[in-house]
Amino acid sequence: MDWVERKMQRGSHTLWAIIFCLIAFISLWSCSTQKPTERTKVGSIFVNSIPAGGEILLDRVLTSKVTPDTIFDVVVGDHVVTVTKDGYLTSPDSLILTVQEDQTATAEFVLLETSYGSLEVSSNVDGATICLDNQPTTQITPHVFFNSVPVGTHIISVFKEGYANENPAKEVVNITTGDTIEVNFILSPAEVGKSPGNIVPDFELEDDYGTLQRFYAYRGFVTIVNFWAKSCYYCMLELPYLQEIYTEYLSDSLIIFGINYEDDFDFIRQTREENQIGFLLLKGVGSQIVNWVQLPPSPVTIILDRDGRIYYYHLGFQSYAPERFRQKLNELFGK
């Protein structure tokens, strides 16, 4: 009887040993077939400048780093790197770097110390906002920027609500050390409306790079304002044609504002990437300019002359539209 019990005990131990081995084998097999968690592929960028002390921007967003320093955990792909420092010009203006996994890309800049000159800006109607290099300043006409404008070439323009600009609507000036450049602008009353000769309401909207764009800071440029959205089939069809036109007339300094009236920045950025859009794309959801245009379920495209007046107002998108746009632009550019 003892012999039988011992035999049964040894059999029980053997059975448990087999079960244990099966459990271990199943566990190991399960682990080996599980896919490893994919991690985000990142690299880094070393940014240097001569002299040091430049603030570093990555994809046009200011970081907390100052040259020389390294930006870690940058997602692989192309990135725009810029350095800025008060009182200095950056050479080159920016660099596009391709970041590879677990590698460090290098960006080198030279900061050139600038001197300053003076600029006197006036207009026949006082109180016009002065724009310097397509950015509104806090000053209105008449005003003297005394010894505070960096030497070099600058674009000067002005705008005032309810007025159009007479030719020339902008001036390109060369500021030199110690000199004072004088510019004067002529403004004429104009009504807001949708007919040729009218002006479009001013707007300030954020673009998909995070920069606030002021519409009338571009007075003096031939301008297209286009309203589009994902839900508008013909809007999406029109965008690639507008990009073609922008490329054709870029050397003529054509400006295009593509105002999205419905979608968020994720979709706007996706649209830029998929269609290789080079012109300004703005988020206009709920803005006054979108309310003013009273959008139908089709695109609206407005061409304005250098004075800021409507030259051509087009509703919808037809097969002839791109050539009609080119015709109007050729008239404005004297081609």
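The values are calculated or read from the model by the stated rules, or taken from the named source; none is laboratory data. Bear in mind that the values here come from a model prediction, so they are computed numbers and not experimental data. Glycine also receives a Cβ, built like all others from the backbone with ideal geometry; neighbour counts cover every protein chain displayed.
Numerical summary
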read-out: Leading residue by the ranking (farthest from the chain's Cα centre (by Cα)) among those in the stretch 54-91 that are closer than 22 Å to Asp102 by Cα and not in a strand (DSSP E or B); value: Pro68
read-out: Residue, farthest from Val300 (Cα to Cα), within the stretch 165-202, restricted to residues that are assigned to a strand (DSSP E or B) and of a type in the set (Asp, Glu); value: Glu182
read-out: Residue in the stretch 237-244 that is among the charged types (D, E, K, R) and either farther than 27 Å from Pro168 by Cα or at pLDDT 95 or above (or both) present; value: yes
read-out: Leading residue by the ranking (surrounded by the fewest Cβ atoms within 10 Å (Cβ to Cβ)) among those in the stretch 239-266 that are among the acidic types (Asp, Glu) and assigned to a helix (DSSP H, G or I); value: Asp266
read-out: The lone exception for Thr37 - which of (1) surrounded by 10 or more Cβ atoms within 10 Å (Cβ to Cβ); (2) modelled with pLDDT under 90 it fails; value: (1)
read-out: Subset of the stretch 288-335 [among the hydroxyl-bearing types (Ser, Thr, Tyr) and either under 18 Å from Trp228 (Cα atoms) or crowded, with 18+ Cβ neighbours inside 10 Å (or both)]; value: Ser298, Thr301, Tyr311, Tyr312, Tyr313, Ser319
read-out: From Asp179, Asp126, residue being surrounded by fewer than 14 Cβ atoms within 10 Å (Cβ to Cβ), within 30 Å of Gly53 (Cβ to Cβ), among the charged types (D, E, K, R) and not assigned by TED's automatic domain parsing to the domain that holds Ile256; value: Asp179
read-out: Leading residue by the ranking (surrounded by the fewest Cβ atoms within 10 Å (Cβ to Cβ)) among those in the stretch 85-105 that are of a type outside the set (Gly, Ala, Ser) and touching a Leu at 6+ places or on another chain (Cβ under 8 Å); value: Leu89
read-out: Selected residue [in the same structural domain as Phe325 (by TED's automatic domain parsing), out of contact with any Gly (no Cβ under 9 Å at 6 or more places or on another chain) and either at pLDDT 95 or above or not polar (S, T, N, Q) (or both)] from Phe227, Phe221; value: Phe221
read-out: Residue list for the stretch 267-303, filter: assigned to a strand (DSSP E or B) and on the phi > 0 side of the Ramachandran plot; value: none
read-out: Among residues of the stretch 304-321, those that are of a type in the set (Asp, Glu) and assigned to a strand (DSSP E or B), counted; value: 0
read-out: Residue ID - nearest to Pro296 (Cα to Cα), chosen from residues in the stretch 218-238 that are in contact with a Ser or Thr (Cβ under 7 Å, 6 or more places away or on another chain) and surrounded by 18 or more Cβ atoms within 10 Å (Cβ to Cβ); value: Cys232
